[in-house]
């Protein structure tokens, strides 16, 4: 008979009425889970380098457990070998010895204290492992496609058998630690997937050969783990339904479906459907991929297996998940990055507080950090990975102040709601007719960059709830400061677009600003040079190229998009190529003449480029910010400068600055 | 300010050639340094070949992300990677078709490497063996990665006085 660990009654929650499928129970094996929300395993690099669980990781997991509101909460995958070939992240948790059980128990207990179901994941990182060893290991030696990863040691037959036993032993430790569900990770290039794929498994022994033989490593693990955990613990496996490795001879989709069937035959109760490897050249989860793009994948898999299926990729919203469940495409909703951005996201849906959700912008900076051995961070969630530090959370202010904020962009608004939350009286001034600052302009770039504006919607809702007063269309001036004498001024005016670098020709009529070009308030010719090869320039270049312009990007950065995190920069490079944008990096404009621009390379060479219009998209310090700062100093008002007004950066700097100053006032 | 295109191109071209020359000189300077560090009894040929092997390995690393096995003309595409590499080093090199799409010939009409070898007193046998080893090493890794039986052999060589280098690149069935 099926059992249930925690009783949840969702009857009176508005979200349960709105999303009845998401907030209905599901049975995995012999376990009933109260809802259909799953937090997917996420590395966070918060644990010690020898694999012990830290207070920071426990706190991180506790918040995500609270967020799933009774659903399934998965801890990060553990590596299982003392040699550490399976360790793919410097702060990855370990389970290669019983000595790790007490630490793992802390995670299970934290999840249980939030009345969620605790899922334990086994994750040998295989071909992308060995983060602190000279080698990683895999079924076969073949050179790495990405220089980031270590050379592969080809596992002997004995080492394969040892690895299977290590999975089994680690599973037993997970159960002893108190976890309720067991999961095997076989995705994106980790060891199980290495054995499954024709790309990485060239073995001639019983673990290699056709797709059925390549499944043996996986099925041996499934059977062994099942033996160790018993029949009542649900067993999940995460495996690729489409490796996206056709260019290097990876599994076909038909082969992947055979893998699914073999996994079910071997004894799994559920499959988490994934797409793509880290070595795939096709994007899967970046912002340019439309929501719901991959739903056809589990829908197709359902024709081959009859166990519950879940999927995470680009399925951020409960309405999509609810419909997908109703339509029979998935059985439960998995998410990862949205709960990095907002740990309480599903809970807020349940409670009918959707306006309080801080949305993930799919920038992948979380991944970029992990690959560079840094602790997890989130582009738009300042508290991510600081859950154990009370100073990162708003506390009531000891002295209530009147706070005037100049600028209704992400920095100003983030600061506004946090300061108001702490009890301050907050006024936001912005001379634009709409809140959002630079993000309004950034949203005009193609490839779903309009998603960025959702952070502003979050901010507006938070400000409204806390009584922040908006002065829209009104600029905070020295006169207002002198008249009103607020206790504190926060300058969040953003940066200025610089009209040139002093080179001749920048005063011509065909030289226009980024906003003039994007909003077409001035004519834009067919041949355009965009000056500035950072985010704004790239977005503007792409927007103009999409309108059929021949665009040339010129900028001082040595590579285009130096201010974009590496896990997303490759996408922009591809967009620029696809749209025929030529880039001159490490260059500047030497002169603007009739019908052409002379570009100067870093070492003094001059290159002529035909241009009807020059758009300046390079940013510098805000003149207004300096003026306001001086005016505030004149009145001896406590002053903070935040966001791009400090130095031009991006949305993340703005949000993090705003949050921290909101805490400090 | 006027813009003299001919002058700009001439300056750029001269700089490009200087970089190409410096690249080869650096290789032979490091070879010389390694031989002197080993001292008496140094096996010059073995040292040079090891350097060429490392070069071949590193070249393969740069090729692997560019390999697309799902595209037609796999062999020709690999050959073009070599062509681009050697053009960047100052060679005049092109791809010529073979008997079918599984065979091509890479033809070096001119290559600056033997000249530099002479300048540094390296024998032509070493230059040829080194270049061959680099190509073989690269192809071995490309073949391993792509799981295809890709082969390369030298049929003509400038260092042997044959006027040009010709390498046959083929997929053995």
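Name the one entry in A:603, A:644 that is under 35 Å from the mean Cα position of the chain (by Cα) and not in a strand (DSSP E or B).
Going through A:603, A:644 in turn, just one is under 35 Å from the mean Cα position of the chain (by Cα) and not in a strand (DSSP E or B): A:644.
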Would you say residue A:130 is out of contact with any helix residue (DSSP H, G or I) (no Cβ under 9 Å at 6 or more places or on another chain) and either modelled with pLDDT of 95 or more or within 30 Å of residue B:67 (Cβ to Cβ) (or both)?
yes
Failed criterion for residue B:21 (all others in (1) within 12 Å of chain A (Cβ to nearest Cβ); (2) out of contact with any helix residue (DSSP H, G or I) (no Cβ under 6 Å at 6 or more places or on another chain); (3) in a helix (DSSP H, G or I) hold)
(1)
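Yes/no per residue for (1) closer than 18 Å to residue A:477 by Cα; (2) buried (at least 17 other Cβ atoms within 10 Å of the Cβ):
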position: A:371; (1), (2): no, yes
position: A:378; (1), (2): no, yes
position: A:382; (1), (2): no, yes
position: A:390; (1), (2): no, no
position: A:402; (1), (2): yes, no
position: A:415; (1), (2): no, yes
So residue A:333 ticks every box in (1) modelled with pLDDT under 95; (2) crowded, with 21+ Cβ neighbours inside 10 Å but one. Which box is left unticked?
(1)
Residue set A:115, A:62, A:66, A:106; condition at pLDDT 95 or above, surrounded by fewer than 24 Cβ atoms within 10 Å (Cβ to Cβ), out of contact with any strand residue (DSSP E or B) (no Cβ under 6 Å at 6 or more places or on another chain) and on the phi > 0 side of the Ramachandran plot; output residue A:115
Run down A:607, A:581 and say which single residue is in contact with a strand residue (DSSP E or B) (Cβ under 8 Å, 6 or more places away or on another chain), within 13 Å of chain B (Cβ to nearest Cβ) and either crowded, with 16+ Cβ neighbours inside 10 Å or modelled with pLDDT of 95 or more (or both).
A:607
Looking for something away from chain B (no Cβ under 14 Å) and part of a loop (DSSP other than H, G, I, E, B) - is there at least one such residue anywhere in the range A:149-166?
yes
Is there a residue in the range A:112-134 that is part of a helix (DSSP H, G or I) and more than 26 Å from residue B:147 (Cα to Cα)?
yes
Mind checking whether some residue in the range B:52-64 is more than 15 Å from residue B:133 (Cβ to Cβ) and part of a loop (DSSP other than H, G, I, E, B)?
no
Against the conditions (1) within 14 Å of chain A (Cβ to nearest Cβ); (2) in a strand (DSSP E or B), where does residue B:170 fall short? Just the number, please.
(1)
Just checking, which of A:200, A:204 is free of Cβ contacts under 8 Å to residues at least 24 places away in the same chain and in the same structural domain as residue A:176 (by TED's automatic domain parsing)?
A:204
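Between A:544, A:514, which is touching a helix residue (DSSP H, G or I) at 6+ places or on another chain (Cβ under 6 Å) and closer than 19 Å to residue A:583 by Cα?
A:514
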Residue B:73 fails exactly one of (1) closer than 23 Å to residue B:148 by Cα; (2) within 13 Å of chain A (Cβ to nearest Cβ), namely (2)
Selection from the range A:22-60 of residues over 30 Å from residue A:328 (Cα atoms) and outside any loop (DSSP other than H, G, I, E, B) yields A:55, A:56, A:57, A:58, A:59, A:60
The lone exception for residue B:65 - which of (1) within 22 Å of residue B:141 (Cβ to Cβ); (2) more than 14 Å from chain A (Cβ to nearest Cβ); (3) without any contact (Cβ under 8 Å) to a residue 12 or more places away in the chain it fails
(2)
The range A:139-148 - residue that is within 28 Å of the chain's Cα centre (by Cα) and surrounded by 18 or more Cβ atoms within 10 Å (Cβ to Cβ) and, of those, nearest to the other protein chains (Cβ to nearest Cβ)
A:145
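The values are calculated or read from the model by the stated rules, or taken from the named source; none is laboratory data. Bear in mind the structure is a predicted one, so any value in this text is a computation, not a measurement. Every residue, glycine as well, gets a Cβ built from its backbone with ideal geometry; the counts of neighbours run over all protein chains shown.
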